[in-house]
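The structure appears below as structure tokens.
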Amino acid sequence: MVHLSASLWWLCTLSTIAPGWTQQTPHPTSRSPPQNSFLKFRLAGYPRKHNEGRIEVFYNQEWGTICDDDFTMENAHILCRHLGFTEATGWTHSAKYGKGIGRIWLDNVICTGSEKSIEDCKSRGWGNSDCTHEEDAGVVCKDERIPGYVEPNTIETEQRQLEEIRLRSVIASAKNRLPINEGILEIKYRDTWEQVCDVGWTQKNSHVVCGMMGFPSDKKYNKNFYKLYLDKQKPSFRVHSVKCSGTEVHLSLCPFEFYKVNSSSSCSDGGPVVVSCVIGPVFAAQTAAQTAIKKKKVVQREEILRLKGGSRPGEGRVEVLKNGQWGTVCDDRWDLQAASVVCRELGFGSAKEALTGARMGQGMGPIHMNEVRCTGEEQSLFDCQYKNITQEDCKHSEDAAVKCNIPYMGYDKTIRLAGGRSQHEGRVEVLWGPRGEERWGFLCGEGWGTKEAAVVCQQLGLGFVSSALQETWYWDAANVTEMIMSGVRCSGTELSLLQCSRHKSVSCKNTGTRHAAGVICSETASDLVLHATLVQETAYIEDRPLHMLYCAAEENCLSSSARHANWPYGHRRLLRFSSQIHNNGRADFRPKAGRHSWVWHECHGHYHSMDIFTHYDILTPNGTKVAEGHKASFCLEDTECQELVSKRYECANFGEQGITVGCWDLYRHDIDCQWIDITDVKPGNYILQVVINPNFEVAESDFTNNAMKCNCKYDGHRIWIHNCHIGDAFSEEANKRFEQYRGQLNNQIL
């Protein structure tokens, strides 16, 4: 039987025979291998690339792992060199690539970086450890080989890996339709695809396969059809006796056996495994009948669980709904089993990664769950064991996140970037036309914006949008000269650019290639969030004399009626409050315009780096705007930062502007234009709305949390602000109660 830790591996051998060594068993303080023995090293685990994984060492005729206690980059450098790479770029702890089996050969390894072998480093000695496999260390090596390095020719006879699998569709009507959710299970062996024997195959095995392929669960299929089809085939079997528990995130985690000789007679009592999976609602075929059903299911799921801050479907920070308010999950003991429960509950497959340390950005509001422990069989994250936490237990810097397996949809084949300096940028080109007559063409740059560019970046798997470009004359991509699409408008949530609205026929003022749409993508993005509670705590009314508002009038910070006032006599009534804007994303927030484009305002003595940074509005319950504030970016800078985060941006002396990740920019209530002119507003009940980056001028990982709303009660003399919250912080039911706040329906003071 083969277990995962011996199933996903890439082997390198280091001959380190120690002459004169006579003992056959390891001594606790010895650091040399036994006589006539080799030290071998390999990378194992899932998911991983060829240059990363759990580090395993072959010592005394047995494979084992290394504990992460005292592990450092120096250790990783030496181990990567053992594996034939030039150096390490990182290392991992807490069994990120899965738990190994067998011995933990080394613990408390301390290297200086000058050692030629890991055996020369200090440690507790071979086989002397107080760790468990939950502490297995991993390494990430630079994908660059040591010059002259030769792959080892000492290779085990059995290649124990199941890294690449597929479902081969045999139903004619489904062969060209994606995603493929039903077919014969095949495993890639060398350059061929071979089958799995279905003798003893269980539904639990199918459940694991479906999870790997991006589907939440398995379903029944027409066995009679496949029997007729398979009777005419001559399958070649590679694997048999698969025995999954159903909670594994990858088939290689299950026990299984390889056939020594591939032949149809190897599975004489059975045939090839067939698997059929349920397509999750995000990827389901949108027939008229299915759409209503699927949408209903999505809403039901969204009421208790969602993912935020990811660049594509199936990844993001985990947020759960409790007591009508969305909150995050602490990453203590967060693992692949819990992550898989989240993924399947949302209609995706099993988890590829269980991310810790706010790797998908920090959330706001409460942290609802801590030390979540799942078996993997639960239907909902709330069915798992967890602790309710206090504020001292966890911080948002420990928010848990997931990356789920999603089905392959082929969207990346219908779009490409051309002419850029790297694969992350270029002119957008789309494959368009009837089947068999498709051709590549470019898009009109008019109206092309951040949301459209965001769809392109996620469709190509290139992360978040960094810039949306309306001219691409500086990128040489002259081999495609036809404009095939214009007027593209996206919400930003589409899976493909072809799902966005567009002109029925091309209509573009400038049809030349220099005016084509382009994008620059990035692996990370900023995420601005307003501190809602501070707005509520600092709001007040001020009657400010007109003679003190000349600068504000010059910068359009007053309502239009101020133009007709009897200057400099009289006053304007201002609703003032403080704004604290946090950057909770994974990239600094920088103004789109470079320093050369910033506008100097002599009156206030500062540069504007953005035309519009925030909108302040007073709305009636039906959404009619009765007062508005216009605030450009006076200056974007780091006012304060979280612990251990350093300020990077300061406006003084024409300094760089921006908001660092983990910092916030505070606009105090006593700053000019930090207000709404409510001089003309009649007494009543209103909604105060603040929107950051309202024109999507700068790309963010999440625009849904850019708006804040408050209930606002004004009696003509005093004002009460309450129920301030970020637009997506409450449940749908709580939001409805906010919108139907009594007194707002007739807009009268109660």
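The values are calculated or read from the model by the stated rules, or taken from the named source; none is laboratory data. Bear in mind the structure is a predicted one, so any value in this text is a computation, not a measurement. Every residue, glycine among them, receives a Cβ derived from its backbone with ideal geometry; neighbour counts consider all protein chains shown. Heads up: the accessible areas ignore ligands, DNA and RNA and are worked out on the full protein's heavy atoms, side chains in. Shrake-Rupley method; radii C 1.70, N 1.55, O 1.52, S 1.80 Å.
Tabulated results
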quantity: Residue selected from the stretch 38-69 under the condition among the polar types (S, T, N, Q) and either buried (at least 22 other Cβ atoms within 10 Å of the Cβ) or more than 26 Å from L336 (Cβ to Cβ) (or both), by the criterion modelled with the highest pLDDT; calculated: T65
quantity: Every residue from the stretch 526-550 that is closer than 19 Å to R718 by Cα and in a loop (DSSP other than H, G, I, E, B); calculated: A539
quantity: Selected residue (only one of R312, R344 is among the charged types (D, E, K, R), out of contact with any strand residue (DSSP E or B) (no Cβ under 6 Å at 6 or more places or on another chain), part of a loop (DSSP other than H, G, I, E, B) and in contact (Cβ under 8 Å) with a residue 60 or more places away in the chain); calculated: R312
quantity: T375 among the β-branched types (V, I, T) and within 27 Å of E700 (Cα to Cα); calculated: no
quantity: I719 vs. criteria hydrophobic (A, V, I, L, M, F, W, C) and more than 30 Å from E650 (Cα to Cα); calculated: yes
quantity: Any hit, the stretch 454-463, residues being open to solvent by 20 Å² or more (accessible area, probe 1.4 Å) and at pLDDT below 90; calculated: no
quantity: Residue in the stretch 491-503 that is among the basic types (K, R), surrounded by 15 or more Cβ atoms within 10 Å (Cβ to Cβ), in a loop (DSSP other than H, G, I, E, B) and modelled with pLDDT of 90 or more present; calculated: yes
quantity: Residue tally, condition of a type outside the set (A, V, I, L, M, F, W, C) and buried (at least 24 other Cβ atoms within 10 Å of the Cβ), over the stretch 526-537; calculated: 2
quantity: In the stretch 600-649, the residues that are among the aliphatic types (A, V, I, L, M), free of Cβ contacts under 8 Å to residues at least 40 places away in the same chain and open to solvent by less than 70 Å² (accessible area, probe 1.4 Å); calculated: V645
quantity: Qualifying positions in the stretch 551-608 - modelled with pLDDT of 85 or more and in a strand (DSSP E or B); calculated: H571, R572, R573, L574, L575, R576, S579, Q580, I581, H582, N583, F589
quantity: Residues satisfying the stated conditions in the stretch 70-120, i.e. open to solvent by 20 Å² or more (accessible area, probe 1.4 Å), of a type in the set (A, V, I, L, M, F, W, C) and touching a residue at least 60 places away in the same chain (Cβ under 8 Å); calculated: I101
quantity: Residues within the stretch 322-331 that are open to solvent by less than 30 Å² (accessible area, probe 1.4 Å) and either among the aromatic types (F, W, Y) or outside any loop (DSSP other than H, G, I, E, B) (or both), tallied; calculated: 5
quantity: Pairs with Cβ under 6 Å, 6+ apart, first in the stretch 659-684 and touching a residue at least 60 places away in the same chain (Cβ under 8 Å) and of a type in the set (G, A, S), second surrounded by fewer than 23 Cβ atoms within 10 Å (Cβ to Cβ) and assigned to a loop (DSSP other than H, G, I, E, B); calculated: G662/Q642; G662/V645; G684/N747
quantity: Any chance E135 is surrounded by 15 or more Cβ atoms within 10 Å (Cβ to Cβ), modelled with pLDDT of 75 or more, closer than 30 Å to K219 by Cβ and not aliphatic (A, V, I, L, M); calculated: no
quantity: Residues of the stretch 211-248 satisfying the condition of being touching a strand residue (DSSP E or B) at 6+ places or on another chain (Cβ under 6 Å), touching a residue at least 60 places away in the same chain (Cβ under 8 Å), over 17 Å from N181 (Cβ atoms) and crowded, with 20+ Cβ neighbours inside 10 Å; calculated: V239
quantity: The lone exception for D412 - which of (1) farther than 18 Å from C508 by Cβ; (2) in a loop (DSSP other than H, G, I, E, B); (3) free of Cβ contacts under 8 Å to residues at least 60 places away in the same chain it fails; calculated: (2)
quantity: Test: G512 is open to solvent by less than 60 Å² (accessible area, probe 1.4 Å), closer than 22 Å to S467 by Cβ, without any contact (Cβ under 8 Å) to a residue 24 or more places away in the chain and not aliphatic (A, V, I, L, M); calculated: yes
quantity: Failed criterion for P434 (all others in (1) open to solvent by less than 20 Å² (accessible area, probe 1.4 Å); (2) modelled with pLDDT under 90; (3) farther than 30 Å from L336 by Cα hold); calculated: (1)
quantity: Residue in the stretch 667-678 that is open to solvent by less than 30 Å² (accessible area, probe 1.4 Å), under 18 Å from F577 (Cα atoms), at pLDDT 90 or above and charged (D, E, K, R) present; calculated: yes
quantity: Options E523, E542; residue that is out of contact with any Phe, Trp or Tyr (no Cβ under 7 Å at 6 or more places or on another chain), of a type in the set (D, E, K, R), open to solvent by 30 Å² or more (accessible area, probe 1.4 Å) and within 30 Å of V480 (Cβ to Cβ); calculated: E523
quantity: In the stretch 437-452, the residues that are open to solvent by less than 40 Å² (accessible area, probe 1.4 Å) and either over 17 Å from V506 (Cα atoms) or not in a loop (DSSP other than H, G, I, E, B) (or both); calculated: G441, F442, L443, C444, G449, T450, E452
quantity: Count of the stretch 367-381 residues which are touching a strand residue (DSSP E or B) at 6+ places or on another chain (Cβ under 6 Å), open to solvent by 40 Å² or more (accessible area, probe 1.4 Å) and not acidic (D, E); calculated: 1
quantity: The listed residue being outside any helix (DSSP H, G or I) and out of contact with any helix residue (DSSP H, G or I) (no Cβ under 8 Å at 6 or more places or on another chain), out of G246, G200; calculated: G200
quantity: Top-ranked residue of the stretch 679-712 - restricted to ones that are of a type in the set (V, I, T) and open to solvent by less than 10 Å² (accessible area, probe 1.4 Å), ranked as nearest to the chain's Cα centre (by Cα); calculated: I692
quantity: Subset of the stretch 372-387 (residues that are over 20 Å from S245 (Cα atoms) and assigned to a strand (DSSP E or B)); calculated: V372, Y386, K387
quantity: Condition check for V455: among the aliphatic types (A, V, I, L, M) and in a strand (DSSP E or B); calculated: no
quantity: Number of the condition not met by R373 [criteria: (1) farther than 26 Å from E523 by Cβ; (2) modelled with pLDDT under 90]; calculated: (2)
quantity: Residue within the stretch 474-489 that is open to solvent by less than 70 Å² (accessible area, probe 1.4 Å), within 20 Å of D702 (Cβ to Cβ) and either among the basic types (K, R) or outside any loop (DSSP other than H, G, I, E, B) (or both) present; calculated: no
